[in-house]
Amino acid sequence: MQDYHIHSRYSTDSKQDISDICKNAVQANIKEIAITDHIDIDYPYDADFSFDIDMRNAEIDKEQKNYPALAIKKGVEIGLMPKINNDYVNIIRSHPFDFVIASIHIVNGLDPYFPEFFKGKTKEQAYAEYLEATYEGIKDFDDYDVIGHIGYASRFFPGEDKVMRYAEHKDLLDSILKKVIKDGKGIEVNTKGIAGTGDTLPSESILRQYLKLGGERITLGSDAHIPGRVGDEIYKTAERLKAMGFKYYTSYTKREPKQIAL
């Protein structure tokens with residue numbers, strides 16, 4: 001089983017050493033991981049979401065020798081914004097990444113992580129705004145492998161019912177999912193949403209629609225930023241995905257996908 005969304009100390013918002021990540025993955029019976037540190041160009045808050053890619057990759061190579069039974073993939077999580085997406089192309093193509101997550105962290109200049117994003121908006125309005133930004137992010141950009149944590153904004157919604165449901169945003173979600181499938185990309189099933197919303201990101205209803213539309217490529221990721229969360233909820237989520245009708249998860253090497261039975 002895989003955990004394809006993990007942040008190390010090379011991400012501004014994490015302090016995990018790669019050696020500890022590997023140790024925790026082995027303890028969680030995870031066979032394949034992707035270290036997906038953040039690059040968010042022009043992040044509008046007081047934080048530098050960039051890192052020394054060559055230094056990080058060299059450390060991964062070192063740990064791969066220490067953990068020969070654990071496949072450690074060189075990944076990155078990029079924060080899409082239409083005006084700067086072309087800048088990511090040069091970064092991605094000039095480094096030997098195995099796997100690229102494309103995520104939306106900024107919506108009309110605001111990060112839903114902060115309460116100001118939700119001020120003056122209903123849940124429906126806030127989620128629609130996030131989904132519109134997601135579609136705009138991938139409309140003219142396809143140098144990625146999966147979209148990360150669809151429903152990111154729902155983790156921070158200041159209400160009790162946080163889940164983003166397909167029935168409430170059918171047209172927007174269909175436009176995103178159909179675009180992903182048409183472009184031969186996939187979506188991440190992010191288990192970090194379970195603690196925050198009660199469901200994965202994306203939620204089960206969105207995953208079922210993705211499958212109904214013909215979507216097959218999925219990766220599973222814990223989005224671990226702190227020690228002890230590597231592999232969190234991965235096996236339980238894999239069983240849920242099988243019950244929904246998914247047959248495979250996707251492994252990537254040098255950006256090439258390989259379907260593996262759940």
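The values are calculated or read from the model by the stated rules, or taken from the named source; none is laboratory data. Note that the coordinates shown come from a computational prediction; the quantities given were computed from them, not determined experimentally. For neighbour counting, all protein chains shown are included, and Cβ atoms are generated from backbone atoms with ideal geometry for every residue, glycine included. These area figures cover heavy atoms from the full protein model, side chains too; ligands, DNA and RNA do not enter into them. Shrake-Rupley method; radii C 1.70, N 1.55, O 1.52, S 1.80 Å.
Annotations for the structure displayed:
- Multiplying the residue separation of residue 113 and residue 171 by 0.36 nm and removing their Cα-Cα distance gives an extension gain of 18.4 nm.
- Note on residue 242: lysines with a C-alpha under 22 Å away, same-chain residues under 8 apart excluded, are 31, 178, 185, 192, 212, 258.
- Computed across the chain, the Kirkwood radius stands at 18.2 Å (inverse of mean 1/r, all Cα pairs).
- Whole-percent carbon and sulfur share, accessible surface of the chain, 1.4 Å: 49
- Against the rule of thumb 2.2 N^0.38 Å, how large the Cα Rg of the range 107-262 comes out: 1.01
- Cα-based Kirkwood hydrodynamic radius, the range 44-118, one decimal, Å: 14.5
- Pairwise label distance in nanometres, residue 86 with residue 48, each label 7 Å out on the Cα-Cβ vector: 2.7
- 1.4 Å probe accessible area per residue over the chain, in Å²: 44
- The range 1-99 - convex hull of the alpha-carbon atoms, volume per residue in Å³: 92
- For the range 38-150, lysine pairs with C-alpha atoms less than 21 angstrom apart, excluding pairs fewer than eight positions apart on the same chain, total 5.
- Inter-label distance for residue 212 and residue 178, nm, one decimal - labels placed 7 Å from Cα along Cα-to-Cβ: 1.4
- The range 1-107: chymotrypsin sites (Phe, Trp or Tyr not before Pro) in DSSP loop, at most 14 other beta carbons within 10 Å: 45
- Separation of the range 34-94 from the range 105-174 is 23 Å, based on Cα centroids.
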